[in-house]
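Chemist: Have a look at this one.
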Amino acid sequence: MLYLSLLRLMVFKQKGMKVVITGSSGLMGKGALLQCVKDSRVEEVLIINRKSIGFNHPKVKEILLTDMFELDSIKEELKGYDACFFSIGITAFRAKEEYYHKMTFGLTKLFADVLWQQNPDLTFLYISAEGSDPTESSGSFWKDARGKTENYIIHSGKKGYVFRLAVIKPIGEVSSRTYGAAEPVVKVLYPVLRCLAPNKVTTTENIGKSFLNIVEKGNDIKLLQSRAINALAAQ
């Protein structure tokens, strides 16, 4: 493991990281994008969106894909990347089970498979949620779909990782549609929440930093919750 970590460090010193980000209009994806832009280890960021987010930066390239399941149509443009931060997700509220499974497991698997086909050594990070059931037998379709997705990524035999998140504090130019008017309250209560439930709270900045540290150095633990994410971000 130490040898592989040193090898990664040598590679990224010679050339910067090239990162793919999905879900960059959302809380986690936007946070990862901002962190990648300001991190000197990152050379290029490819964001894949249905609609343009209008983010202009010399490091950033955007590809618009109206139907994310048509990923094969751009697969040649996905060669040469080191990592993917995958944070496309939908709410289970009012969602049909079949559609939720397709958009959670099906879409994540498609992206992971295509990216690993084009870049066998790529680090793939799946952004999951608290409550996911890795036994896939909870009886709740969203918990089981998330758990199934986590299992696929972790047991892929590739560099697959999962961040299972709960409460996230937005940092900088990041906001949450989910929190809405409650966002200022989350920010104020964050220090208290971190003391009371350290494995349940993190920040968008720490998520981005931890992701890049895993890409650079690897990590023995494949599934990380907030406490481990915060510790990894501080390295």
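The values are calculated or read from the model by the stated rules, or taken from the named source; none is laboratory data. What you see is a predicted model; the values in this text were computed from it and never measured. Every residue, glycine among them, receives a Cβ derived from its backbone with ideal geometry; neighbour counts consider all protein chains shown.
Chemist: Could you tell me whether any residue of the range 1-14 is at pLDDT below 95, out of contact with any strand residue (DSSP E or B) (no Cβ under 6 Å at 6 or more places or on another chain), assigned to a loop (DSSP other than H, G, I, E, B) and surrounded by fewer than 11 Cβ atoms within 10 Å (Cβ to Cβ)? Show your work before the answer.
Modeler: We begin by selecting, within the range 1-14, every residue at pLDDT below 95; these are 1-14.
Okay, now just the ones that are also out of contact with any strand residue (DSSP E or B) (no Cβ under 6 Å at 6 or more places or on another chain), so 1-14.
Retained after the next criterion (residues that are assigned to a loop (DSSP other than H, G, I, E, B)): 1.
So of that shortlist, the ones also surrounded by fewer than 11 Cβ atoms within 10 Å (Cβ to Cβ) come out as 1.
Among the residues of the range 1-14, at least one is at pLDDT below 95, out of contact with any strand residue (DSSP E or B) (no Cβ under 6 Å at 6 or more places or on another chain), assigned to a loop (DSSP other than H, G, I, E, B) and surrounded by fewer than 11 Cβ atoms within 10 Å (Cβ to Cβ), which makes the answer yes.
Chemist: Collect the residues in the range 134-149 that are among the polar types (S, T, N, Q) and either in contact with a helix residue (DSSP H, G or I) (Cβ under 8 Å, 6 or more places away or on another chain) or modelled with pLDDT under 95 (or both), keeping them in residue-number order.
Modeler: The answer is Thr135, Ser137, Ser138, Thr149.
Chemist: Examine the range 169-189 for a residue that is modelled with pLDDT under 70 and closer than 20 Å to Leu107 by Cβ, and state whether such a residue exists.
Modeler: yes
Chemist: Which of the residues belonging to the range 99-135 are acidic (Asp, Glu) and under 17 Å from Met68 (Cα atoms)?
Modeler: Answer for the range 99-135, where residues must be acidic (Asp, Glu) and under 17 Å from Met68 (Cα atoms): just Asp113.
Chemist: Could you run through the range 117-149 and say how many residues are in contact with an Asp or Glu (Cβ under 9 Å, 6 or more places away or on another chain), in a helix (DSSP H, G or I) and crowded, with 21+ Cβ neighbours inside 10 Å?
Modeler: 5
Chemist: Check the range 219-228 and report whether any residue there is under 19 Å from the mean Cα position of the chain (by Cα), at positive phi and at pLDDT 90 or above.
Modeler: no
Chemist: Filter the range 40-59 down to the residues that are in a loop (DSSP other than H, G, I, E, B) and touching a Ser or Thr at 6+ places or on another chain (Cβ under 9 Å) and list them by number.
Modeler: Correct list: Arg50, Lys51, Ile53, Phe55.
Chemist: Mind listing just one residue for me: the one in the range 27-83 that is within 29 Å of Thr202 (Cα to Cα) and among the acidic types (Asp, Glu) and, of those, surrounded by the most Cβ atoms within 10 Å (Cβ to Cβ)?
Modeler: Ranking the candidates gives Asp82 first.
Chemist: To continue, here is another question. Quick one: count up the residues across the range 60-103 that are of a type in the set (A, V, I, L, M) and assigned to a loop (DSSP other than H, G, I, E, B). Give the steps one after another, and end with the answer.
Modeler: Residues of the range 60-103 of a type in the set (A, V, I, L, M): 60, 63-65, 68, 71, 74, 78, 83, 88, 90, 92, 95, 103.
Those still in the list that are assigned to a loop (DSSP other than H, G, I, E, B) too: 65, 88, 90, 92, 95.
Matching residues across the range 60-103 total 5.
Chemist: Go through the range 150-168 and count every residue that is surrounded by fewer than 18 Cβ atoms within 10 Å (Cβ to Cβ) and either among the hydrophobic types (A, V, I, L, M, F, W, C) or modelled with pLDDT under 95 (or both).
Modeler: Looking only at that region, the number is 3.
Chemist: How do the pairs read when you match residues in the range 202-227 that are without any contact (Cβ under 8 Å) to a residue 24 or more places away in the chain with residues anywhere that are in a loop (DSSP other than H, G, I, E, B), using Cβ under 6 Å and keeping only pairs 6 or more apart or on different chains?
Modeler: Asn213/Gln235
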